[in-house]
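The values are calculated or read from the model by the stated rules, or taken from the named source; none is laboratory data. Everything numeric here is computed off the predicted structure, so don't read it as measured data. Counting neighbours? That spans all protein chains shown, and the Cβs are built from the backbone with ideal geometry, glycine included. We work out accessible area using only protein heavy atoms, side chains counted, and drop any ligands, DNA or RNA first. Shrake-Rupley method; radii C 1.70, N 1.55, O 1.52, S 1.80 Å.
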Amino acid sequence: MSQGPRGEGPRSVGAVGEGGGDRPGVLLELQGVTKHFPVKGGGFWRKSHDAVHAVDGVDLQVRRGETLGLVGETGSGKSTLARCMTRLLPLTSGRVLLDGEDITDLKRSQLRPYRRRVQMIFQDPYGSLNPRRRVGSIIGDPFAIHKVADGAERKRRVQELMDLVGLNPEHYNRFPAEFSGGQRQRIGVARALALRPELVVADEPVSALDVSVRAQVVNLLADLQDELGLTYVFITHDLSVVRHVSNRVAVMYVGQVVELADRHDLYATPRHPYTKVLQSAIPVPDPEQSERRARVQASGELPSPINPPSGCRFHPRCPKAQPICAQVVPRLEVKFQDPPSHLAACHFPLADGEELPRAEAGDVARVGPGDGDRRAG
Ligand code: SF4
C-alpha cells in the first residue's frame, strides 16, 4: 500500500489490509478514516481555515471475537476514532465497513440496525447516567428506542441484564446515586449489552474507577466476552491495562496509528520509540528500575493537532529523530523479521532490546491521562 501524502496518516502496508467483506474474520474495518474539526474564529470578516486534525488516515481492522486495545496519550485521538467507528460522528473522509458493508454515509435512520450491533461504553460512570432516572429505566432505554420490548417483558429483560453484570435485580427502582462507581459502570455495561451487540467499543471504561474496582470491571468484561462471544475495542491511555485485556494493540499518536501488533510482540519488542515511551510510563515495583524508566520519556509536550508536525509527527519529541523524520511520513509496515501482524511507522525502528537514550531531568514530559481526549472526542 502506498505511503500517505503529507498530512495523512502513515498508510499501512501488508497485513493490515487483509480484511473486508470478502475477508472472513473481520467484523469492522476502517479505511483511511479521517476526522477534522473546523476551528471557529479568524474575526468577523475572516473565516478560519484551521482544523483540529483529531484523526488522520487510520486503517484498522477489528477481528470477530478479539479485543483490540487502542492506546495513546491524552489527545491522541482515540476517543474521536471510537466515535467515528461507531458512527456517532460523521467522517471527514475514509470508510467504515461493518461485516464488509459500507456504513460510512448512512443516515441516522438507516444506521438503526447497526446501532444494535455496535455499542459503546463510556468513560465516566458518574456523568453518563441521568441522576434523576431510575436504573431500570436507564438500562431499558435501548429496548424503548428500538421498540423491542415493553412493559413486563422489558422489566424482565432489564433484570436479567442486571443479574448478568452482577447487579442485584431487586435494585431496579434505585437511582444512580445509590450505587458505587464500579456498580455504575456495570449499569453502563448492562445498557450497552441490552440489544446483544456484536461489537462493544469501551472508551476508557475503568479510568474513572478506583484501582480496587478496576479489576472487577475488567474481569466482568472478559467473562461477558466469553459468555456472549463479544468483540471489543478497548480504549485506554494506560498500556498496563491493555496488556491484560487485549489480543492486539494499536498505539495512536496525534491522530495516527504508529504501531500495531499482537500484545506479546508489542511488549516484548516495541519498534516505535513512542511505544517505548508509553512502556516506560508503566509503574514498576522496583524503585531503581522505576527511576531508570522515568528518564526514558519523550521531551516536550504533545504537539497541537491544529498544526501537527510534518513527516513523522513524533519527531519533535523523539530521541532518535534524524532530519528525514521531519520530511517524510514513515509507512506503517513490518520491520526487521517481525511477523506480518506487527507493523510500525518509523524510519529508525528499535531493534530487539534497544533502549532509548535517557532524557535529561527536567526535560521529560509526563505521559498520562488528562482532559485532552474528552476535548477531542
Ligand atoms: Fe519518528 Fe524518526 Fe523517531 Fe521513528 S525515529 S519515531 S520516524 S522521529
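Scanning region 185-225 for residues that are assigned to a helix (DSSP H, G or I), charged (D, E, K, R) and crowded, with 21+ Cβ neighbours inside 10 Å turns up Arg186, Arg191. Scanning region 162-180 for residues that are outside any loop (DSSP other than H, G, I, E, B) and surrounded by fewer than 17 Cβ atoms within 10 Å (Cβ to Cβ) gives Asp163, Pro169, Glu170, Ala177, Glu178. Which ones in region 310-355 are under 12 Å from Val254 (Cβ atoms) and either away from the ligand (no atom under 12 Å from the Cβ) or open to solvent by 40 Å² or more (accessible area, probe 1.4 Å) (or both)? His315, Pro316, listed by residue number.
Results for (1) within 16 Å of His347 (Cα to Cα); (2) modelled with pLDDT under 85; (3) within 14 Å of the ligand (Cβ to nearest atom), shown as yes or no for each residue.
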residue: Val251; (1), (2), (3): no, no, yes
residue: Glu259; (1), (2), (3): yes, no, yes
residue: Asp265; (1), (2), (3): no, no, no
residue: Ala268; (1), (2), (3): no, no, no
residue: Val277; (1), (2), (3): no, no, yes
residue: Ile282; (1), (2), (3): no, yes, no
residue: Gln289; (1), (2), (3): no, yes, no
residue: Pro305; (1), (2), (3): no, no, no
residue: Pro308; (1), (2), (3): no, no, yes
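Inspection of region 64-80 identifies at least one residue that is of a type in the set (D, E, K, R), surrounded by fewer than 21 Cβ atoms within 10 Å (Cβ to Cβ) and more than 14 Å from Val201 (Cβ to Cβ).
Quick grid of which residues meet (1) open to solvent by 10 Å² or more (accessible area, probe 1.4 Å); (2) at positive phi:
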{"position": "Leu111", "(1), (2)": "no, no"}
{"position": "Arg115", "(1), (2)": "yes, no"}
{"position": "Ala144", "(1), (2)": "yes, no"}
{"position": "Lys147", "(1), (2)": "yes, yes"}
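Beta carbons closer than 9 Å, at least 6 apart along the sequence or on distinct chains, pair a first residue in region 136-149 that is within 14 Å of Arg196 (Cα to Cα) with a second that is open to solvent by 30 Å² or more (accessible area, probe 1.4 Å) and among the aliphatic types (A, V, I, L, M) for Pro142/Val148. Quick one: Pro131 ticks every box in (1) at pLDDT 95 or above; (2) open to solvent by 40 Å² or more (accessible area, probe 1.4 Å); (3) in a loop (DSSP other than H, G, I, E, B) except a single one, so which number is it? Answer for Pro131: the failing condition is (1).
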